[in-house]
Amino acid sequence: MWSKITNASFKTKVIGLVVAATLVQGLSSYVNFRMVANGVESDILSDFKIHPEALGNKISAQFFERYGDVQAFAMNDAVQSLEPQRVTEVLDKYVQLYGLYDLIVVTDRHGNLVATNTKDFEGKEVQTKKLLDYNFKKEEWFNAVINGTFTEDKERGFSGTYFEDFKNDEMMKAAFGETRFISGFSAPIKNAKGETLGVITNRAGSRWIENEFVSTYKDFEKLGKTETQFHLINKEGFVLIDYAPVDLGDKKYEVPHDEKVLFAENKKENDFYSHINSGIKSWSGYSVNSEHKELEVLGYASIENSKWIPKIGWTVVISESKEEALAHINHAMIRFYAIFGTVLFFAIAMSIWFAVLMAKKVESIISQLVKNSGEVSNASQSMASQSNQLSEASTEQAAALQETVAAVDEISAMVEKNTDAASRSQEVSANSRNSAIKGKEAVEQMLRSIEEINQSNQEITSQVSENEKQMNDVTQLIKNIGQKTKVIDEIVFQTKLLSFNASVEAARAGEAGKGFAVVAEEVGNLAQMSGHAAKEINQMLDQSVQKVEHMVRQAQTNFSSIIQSSQHKVETGNRTAQECNVVLEEIIENVTSVDTLVSEIAVASKEQSQGIREISKAIGQMEQVTQQNTSVAQSSSHEAEELSQRSSELNHIVGELKVWMTGDVDGDHGSNPVASPRSKSNSKQSFSEPRKVIAFKKKASPAAEKSKPQPVATAEHQPPSEPTSYKKASGGDEVIPSSDDPGFGE
């Protein structure tokens with residue numbers, strides 16, 4: 001797999017790299033998107049748990065009001081009078097004022113009708129005559145109130161009202177000629193002695209909770225959720241409210257009363273009801289709709305708060321199709337796929353365009369490199385040939401220089417005259433050297449003394465800095481303590497003032513202010529304790545001042561000791577400097593003697609220098625030219641060899657670059673498309689052939705030649721004055737040595 005990738009062409013690699021990078025980026029974006037989507041989905045499910053709880057809180061608040069309304073009505077003077085006309089007037093006002101009650105009935109303790117409202121909240125007449133013949137003794141609410149059986153939860157403050165769950169009330173048919181879906185709130189009417197005079201019942205239409213459902217739906221509608229459905233289920237699992245606004249069209253703000261659903265549809269068959277049976281008060285998740293057989297997002301919450309009686313057992317359910325609930329996530333997913341597909345398409349297109357453009361450009365560069373590589377190879381061979389010619393010229397110049405060396409040897413005998421004077425100069429120089437050594441030792445002693453003085457000065461500086469730092473710390477400590485003492489004094493003053501004022505106020509209050517007087521006394525005690533603390537802090541200030549004085553005295557002692565030590569070392573340095581002065585005077589006298597002897601040597605050498613000057617000039621010129629030629633020859637030869645090697649390496653690199661661009665179709669990594677046979681053969685011939693080197697020896701002086709036997713003249717040890725040696729050096733196969741050879745230097 002990897003070999004296929006490395007052998008692919010440059011275009012294929014670029015396109016593959018861009019596509020892989022785009023896919024990796026897309027995959028990471030998709031994973032990130034799914035994480036965000038899962039978080040949003042979790043939030044949506046959480047909302048379907050929160051909204052039922054909020055709606056349940058609204059219902060319980062309405063229930064709390066209705067529970068207390070009937071007891072408040074029963075305490076009305078007109079109602080307690082049981083005078084029909086007065087009771088009717090009051091009940092009509094209640095119905096119109098609240099707008100929630102269809103019928104309010106007042107009976108005596110024997111079940112006889114006393115009075116009722118004359119119209120409902122919409123103005124429809126109540127058939128009072130039919131209610132006169134109605135038997136209220138058979139009603140559940142009447143018997144419960146007379147027997148003192150109420151819907152109660154005294155721990156939550158509910159007592160004295162009997163609540164009836166929603167139902168189609170037959171009494172409403174007698175009053176209005178039709179059954180109505182209502183709930184009842186009933187309470188006893190008692191006099192001042194607590195005796196039951198009668199019963200009052202408020203027959204509340206379902207709108208007292210339906211209004212809360214409609215209000216909640218409007219909030220969902222603002223969020224764009226129009227298909228949300230709302231249900232209210234009693235503890236038996238039957239539906240009390242079934243509100244699906246999306247199915248109601250223009251009447252979406254009206255809650256229908258479908259007899260086929262209310263008290264007929266049992267939600268126990270639904271998946272979510274198993275959670276209710278298990279005692280889970282609130283839950284949200286996915287559930288299968290029993291009617292449409294589709295997956296929906298559903299959340300429920302059993303009404304459970306301080307304004308509700310839990311044993312009633314109502315549960316609020318809010319549901320929505322999964323497609324509608326997750327619409328935003330699904331739309332975002334579609335947009336993600338569309339954007340990613342577009343990006344991938346443009347990435348591939350741009351990578352193809354870029355790869356083709358770069359391939360053409362790089363192929364052009366490779367072609368130029370191939371051409372230049374060939375030219376460099378030919379130039380390197382030409383340089384190698386010229387280097388060989390330069391080396392031959394250097395050989396001829398070296399032979400001429402050899403003859404000049406013989407002449408210089410003859411002049412060396414003249415220098416022996418100066419040996420005696422040099423010996424005397426050496427003795428004087430030795431004395432000067434001894435004196436100089438003594439001066440050096442004295443100077444070193446002086447330098448060490450000065451260094452010790454310097455260290456003493458540094459110790460003084462360090463001690464001063466340390467003392468200064470300590471002084472600053474103590475000063476800062478004293479300042480801080482002083483500031484704290486001021487704050488404590490102010491607190492003590494304010495506390496005493498408050499204690500005094502409190503005592504005055506307590507005295508004014510008389511007997512009722514005794515407890516406050518005790519508090520004022522304790523506050524005064526605290527103030528006194530704070531004053532003592534302030535005094536202790538002042539003592540700390542005195543101690544700090546003493547510490548500072550002690551530190552100052554200690555610092556003065558240290559400074560005196562260090563200064564005395566420095567003075568002693570300075571005196572030692574002065575004495576050492578005086579000794580140096582004496583030694584240096586001796587050196588000056590010796591140097592003067594040496595200067596006289598050197599002058600004599602200069603006079604003796606003057607005539608020698610006249611003859612040697614001309615010879616040295618000629619030898620210098622010849623040696624300079626020879627050294628330059630030899631250096632240039634060696635450098636050129638070496639550079640030519642290096643250039644040839646670099647040319648071969650360049651050919652190899654160009655070959656690999658070409659394989660990288662076009663792909664290794666034949667699998668030949670070692671081919672060199674630009675190497676020429678001519679360059680290989682010339683390079684081998686120029687730099688691999690062994691060359692002979694002749695070593696020249698220095699001609700011995702006449703005295704040295706008399707003391708040792710003469711060697712036999714050979715091809716390698718021929719006297720420089722013989723013409724045959726020059727011919728071999730100039731025209732033979734041997735090559736003159738380089739300037740680094742010891743024989744050549746001599």
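Read-outs: derived from the displayed coordinates by stated rules, not from any lab. Since this is a predicted model, take the numbers as computed values, not measurements. Positions of Cβ are generated from backbone atoms using ideal geometry, with glycine treated the same way; all protein chains shown enter the neighbour counts.
What distance in nm lies between label points placed 7 Å from Cα along the C-beta direction at Ile563 and Glu41? About 8.9 nm, to one decimal.
Quick one: of the DSSP bridges fully inside the stretch 75-205, what percent are antiparallel, nearest 5?
Details: 27 of 27 bridges.
Counting only bridges with both partners in the stretch 75-205, antiparallel ones make up about 100 percent.
Looking at Ser81, Leu131, Ile200, which one has the Cα that reaches farthest to the positive end of the dipole of the stretch 75-205 (charges on Cβ: Lys, Arg +1; Asp, Glu -1)? Of the candidates, Ser81 comes out farthest on the positive side.
Peptides 90-100, 537-547, ordered by how many other C-beta atoms sit within 10 Å of their residues on average, highest first, read 90-100, 537-547.
Full extension of the chain between Ala349 and Asn32 gives 111.5 nm of extra length, using 0.36 nm per residue less the Cα-Cα distance.
Take the Cα of Lys190, step 7 Å along the line toward its Cβ, and report every residue of the stretch 52-77 whose backbone nitrogen sits under 19 Å from that point. Backbone N within reach: 67-77. In this structure, Glu521 and Lys486 have a Cβ-Cβ separation that, at R0 = 22 Å, corresponds to a calculated FRET efficiency of about 0.25. Using θ = phi - 60° in the Karplus curve 6.51 cos²θ - 1.76 cosθ + 1.60, the 3J(HN,Hα) couplings for the stretch 17-29 round to 5, 5, 5, 5, 5, 5, 5, 5, 5, x, 5, 5, 5 Hz; x is entered for Gly and Pro. At a Förster distance of 35 Å, what's the computed FRET efficiency of Val443 paired with Gln463, Cβ-Cβ distance as r, to 0.05? The calculated FRET efficiency here is 0.70. Compactness check for the stretch 75-205: Cα Rg over 2.2 N^0.38 Å is 0.99. Taking 0.36 nm per residue of separation and subtracting the current Cα-Cα distance, fully stretching the chain between Glu140 and Ile50 would add 28.8 nm. Here the gap between Tyr286 and Gln554, fully extended at 0.36 nm per residue and compared with their Cα-Cα distance, gives a gain of 87.8 nm.
Spatially, the stretch 69-140 and the stretch 422-488 are offset by 114 Å when compared through their Cα centroids.
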